[in-house]
There are 2 protein chains.
Amino acid sequence: MSLNSTNEIDIVKAISSKINDVDFENLSFGSTFTDHMLVCDFKEGHWQKPIIKPYEPFMIDPSAKVFHYGQAIFEGMKAYKGENNSVWLFRPEENLIRFNKSAVRMAMPEVPGSIFIDGLKTILDIERDWVKKGLGNTLYIRPFMIAVGSGVIAQPSTQYRFMIILSPAKSYYSGEVKVIIAEHYSRAANGGIGAAKAAGNYSAQFYPQKLAQEKGFQQIIWTDDATHTKLEEAGTMNVFFRINDTLYTAPTSERILDGVTRKSLIDLAKREGINVDVRSVLVDELIAAAKDGSLKEIFGAGTAAVVSPIVGFQYQGTYYELPKIENSIAMQLKDKLTKIQYKLAEDTFGWTVEV
Amino acid sequence: MSLNSTNEIDIVKAISSKINDVDFENLSFGSTFTDHMLVCDFKEGHWQKPIIKPYEPFMIDPSAKVFHYGQAIFEGMKAYKGENNSVWLFRPEENLIRFNKSAVRMAMPEVPGSIFIDGLKTILDIERDWVKKGLGNTLYIRPFMIAVGSGVIAQPSTQYRFMIILSPAKSYYSGEVKVIIAEHYSRAANGGIGAAKAAGNYSAQFYPQKLAQEKGFQQIIWTDDATHTKLEEAGTMNVFFRINDTLYTAPTSERILDGVTRKSLIDLAKREGINVDVRSVLVDELIAAAKDGSLKEIFGAGTAAVVSPIVGFQYQGTYYELPKIENSIAMQLKDKLTKIQYKLAEDTFGWTVEV
Ligand SMILES: Cc1ncc(COP(=O)(O)O)c(C=O)c1O
Ligand SMILES: Cc1ncc(COP(=O)(O)O)c(C=O)c1O
């Protein structure tokens, strides 16, 4: 191992790279990791010096609070390959801000940008070869923080670990997506943690998701838990509805994650002169629009899939199929956003950041 | 280390015991652990052979699903010392049943009684000396299950680890408990995971709990998230209200944990001829009863503290102090329940189980 530390970050390089063992044409999402990881511990009220070192398992006490009380948050981002081996991030400051909002809600310490952003750039520079050229190829980035302090008493930990791990990914295609509208289960609540990327929000969805899959649906459109009348998110994505030529998406709230893809699509759509109305869409409106033919498109929006078109939805036992349309707005926006991310179109918004 | 395995459980004993280093008079809750732990892995669709071995940290992959998606559940139980070095459990089957309900809700495999109950009895037999005589001394038992499978994709794990760790405890006295009634934050939602002992439910409370503490309140009385009008739980305990001579407690639901202490207190109270009405109490009713003097007691009920009397509550900026009363029903019930648990009173319900 070679030690190549900067002033701010210790670096211990892996003896050899696993990169030649990886089949980049056949990657299953989130299961292959690069040679290194970033680790930074919080103790005695302070963040310690981060270290980049070989990706490997680590030791943890059975009573660590993350295991018992789920005190854990994460982010999901991507790195893209540009010309001349350049590597680009997309709006990384947004992820930092959201990460720290999640941290506050989960009573965890905020992570300074000098660790989150600079750490990310340093590790990405080391793993540059893992970011492959070509539309659809990305390096998925998973920053996360867990409570490592020990003790089975339901109180915030005093010790935390922040980590960044990296996983190469092909473009995410989930096949034809049929969804079911949630009539009973819910993802988030008023006064709850739905607006945080808190670990516990995600496992809470596994069981309802399994029930939906058993009925032949790939995803759930979540509704508000109190009345189940407002359409909120699609699985772990924000959701858009196109009725006639207007795009609708719910405003962010305590129950809805402030997605970076969502807000970028809103800005892009506006620039393209598409009408965007940020307001809650009611289930009843959706049914009426499906019946009278004014419902043209539904799509999820999130970092992993960028845009995920939905072909139909079920509600109260009735399946509503969407029309096959030309000039899908979802696909136009996906194309425009992706080209900005890969530096194939001009980035008039200033969203892309070079590593 | 000596190997002393039964047919069903492998046993690797610690070389020496830490027990003489422990000050049993000054224990802080949940921070000291016994010499051994039970570990049982689930993989390839099956539970493997459990092992009891020295308590120690273990290795885990940074991408383990428990860290990213909070797929984790737990139980909280106690062991009590009776005559002649006997060790007793209180309604352990109830914890097994609830654990497996939690498992289903979190899309995790159920744990068979042969692992949960028999494993518990075997490890408690080994740790018998850690269960100290005397009212208030207990060995707190923490069975838990975490998703150890790797991969940063939001899907249920295929690999899990079930563990039991044990922590000696003195009687839990939390001082004078003043509570604040939740007007904004919420613990659980319809269609959510509030009825499961899922890890994520607990860290979700840390931030509101911190805000309450900053205002001088030790706990929050949770209300339903949709209307904040129904009184549901007190911190991580069920809650009882005594108005005149009737005890009220909310029915269990998707939002309320089915507490073993709660249901035992209901049965005990009924046996004592106390009127018990299992129904939601509204905030308005509570305020009215506080004002007209019919509100006599409020108390939390849970394994850790058994019964935790509340001296007053705040709602919409007004603090309501409870009267100092003689013949507290809370204290009577606590006394009766504790005596059954310690085998100092006849167990007509058949609740106690010898190890
Ligand atoms: C619940 C939820 N909604 C929406 C999103 C989309 O957010 P982003 O576009 O920032 O990836 C995510 C994360 O990917 C999410 O977890
Ligand atoms: C949310 C919640 N409510 C109530 C209780 C009380 O349950 P029990 O009496 O089984 O300990 C617990 C657990 O201790 C809990 O976590």
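Values as computed for the structure displayed
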item: Residues of the range B:136-156 classified as part of a loop (DSSP other than H, G, I, E, B) and open to solvent by 10 Å² or more (accessible area, probe 1.4 Å), total; result: 7
item: Counted residues, the range A:229-255 - those being hydrophobic (A, V, I, L, M, F, W, C) and within 24 Å of A:LYS210 (Cβ to Cβ); result: 4
item: For A:ASP224: the one exception among (1) within 16 Å of ligand 1 (Cβ to nearest atom); (2) in the same structural domain as A:LYS53 (by TED's automatic domain parsing); result: (2)
item: Selected residue (only one of A:TRP130, A:TRP88 is away from every other protein chain (no Cβ under 14 Å), more than 14 Å from ligand 1 (Cβ to nearest atom), open to solvent by 10 Å² or more (accessible area, probe 1.4 Å) and within 28 Å of A:MET237 (Cβ to Cβ)); result: A:TRP88
item: Among residues of the range B:101-111, those that are open to solvent by 50 Å² or more (accessible area, probe 1.4 Å) and either in contact with an Asp or Glu (Cβ under 9 Å, 6 or more places away or on another chain) or within 11 Å of chain A (Cβ to nearest Cβ) (or both), counted; result: 2
item: Subset of the range A:306-342 (residues that are out of contact with any strand residue (DSSP E or B) (no Cβ under 7 Å at 6 or more places or on another chain) and buried (at least 21 other Cβ atoms within 10 Å of the Cβ)); result: A:VAL306
item: Selected residue (criterion: surrounded by the fewest Cβ atoms within 10 Å (Cβ to Cβ)) from residues of the range A:66-78 that are assigned to a strand (DSSP E or B), touching a helix residue (DSSP H, G or I) at 6+ places or on another chain (Cβ under 6 Å) and more than 8 Å from every other protein chain (Cβ to nearest Cβ); result: A:MET77
item: Unique match (being buried (at least 16 other Cβ atoms within 10 Å of the Cβ) and over 20 Å from A:THR303 (Cα atoms)) among A:ALA250, A:ALA234, A:ALA289; result: A:ALA289
item: Selection count where residues are within 14 Å of the chain's Cα centre (by Cα) and either more than 8 Å from ligand 2 (Cβ to nearest atom) or of a type outside the set (Ser, Thr, Tyr) (or both), scope the range B:248-263; result: 7
item: Selection within the range A:237-247 - away from ligand 1 (no atom under 15 Å from the Cβ) and open to solvent by less than 50 Å² (accessible area, probe 1.4 Å); result: A:PHE241, A:ARG242, A:ILE243, A:THR246, A:LEU247
item: Residues that are polar (S, T, N, Q) and part of a helix (DSSP H, G or I), drawn from the range A:79-118; result: A:ASN84, A:ASN85, A:ASN95, A:ASN100, A:SER102, A:SER114
item: Output for the range A:258-272, where each listed residue is farther than 16 Å from A:VAL307 by Cβ and either aromatic (Phe, Trp, Tyr) or within 11 Å of ligand 1 (Cβ to nearest atom) (or both); result: A:ASP258
item: Single condition B:GLY194 does not satisfy, out of (1) farther than 30 Å from B:TYR80 by Cβ; (2) at pLDDT 95 or above; (3) outside the structural domain of B:PHE33 (by TED's automatic domain parsing); result: (1)
item: Residue list for the range B:341-355, restricted to those being over 13 Å from B:GLU83 (Cα atoms) and either of a type in the set (Gly, Ala, Ser) or in a helix (DSSP H, G or I) (or both); result: B:GLY350
item: Verdict on B:ILE153 being free of Cβ contacts under 8 Å to residues at least 60 places away in the same chain and not acidic (Asp, Glu); result: yes
item: Extreme residue, nearest to ligand 1 (Cβ to nearest atom), among residues of the range A:96-126 that are touching a Phe, Trp or Tyr at 6+ places or on another chain (Cβ under 8 Å) and over 28 Å from A:VAL152 (Cβ atoms); result: A:LEU96
item: Some residue of the range B:297-304 being more than 16 Å from ligand 1 (Cβ to nearest atom), closer than 27 Å to B:ALA204 by Cβ and assigned to a loop (DSSP other than H, G, I, E, B); result: yes
item: The range B:31-65, residues that are more than 17 Å from B:ILE123 (Cβ to Cβ), out of contact with any Pro (no Cβ under 6 Å at 6 or more places or on another chain) and either more than 14 Å from every other protein chain (Cβ to nearest Cβ) or in a loop (DSSP other than H, G, I, E, B) (or both); result: B:SER31, B:LYS43, B:GLU44, B:GLY45, B:HIS46, B:PRO57, B:PRO62, B:SER63
item: The range A:172-227 - residue that is of a type in the set (D, E, K, R), more than 7 Å from every other protein chain (Cβ to nearest Cβ) and assigned to a loop (DSSP other than H, G, I, E, B) and, of those, most open to solvent (accessible area, probe 1.4 Å); result: A:LYS215
item: A:ALA189 within 16 Å of ligand 2 (Cβ to nearest atom) and within 30 Å of B:PHE33 (Cβ to Cβ); result: no
item: Candidates A:ILE9, A:ILE15, filtered to the one that is away from chain B (no Cβ under 14 Å) and either buried (at least 22 other Cβ atoms within 10 Å of the Cβ) or touching a residue at least 40 places away in the same chain (Cβ under 8 Å) (or both); result: A:ILE9
item: Hey, B:ASP258 touching a residue at least 60 places away in the same chain (Cβ under 8 Å), open to solvent by 20 Å² or more (accessible area, probe 1.4 Å), in a helix (DSSP H, G or I) and away from every other protein chain (no Cβ under 14 Å) or not; result: no
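The values are calculated or read from the model by the stated rules, or taken from the named source; none is laboratory data. A quick note: this is a predicted structure, and the numbers were derived from the prediction, not measured. Glycine also receives a Cβ, built like all others from the backbone with ideal geometry; neighbour counts cover every protein chain displayed. Note: areas computed on protein heavy atoms with side chains; ligands, DNA, RNA excluded. Shrake-Rupley method; radii C 1.70, N 1.55, O 1.52, S 1.80 Å.
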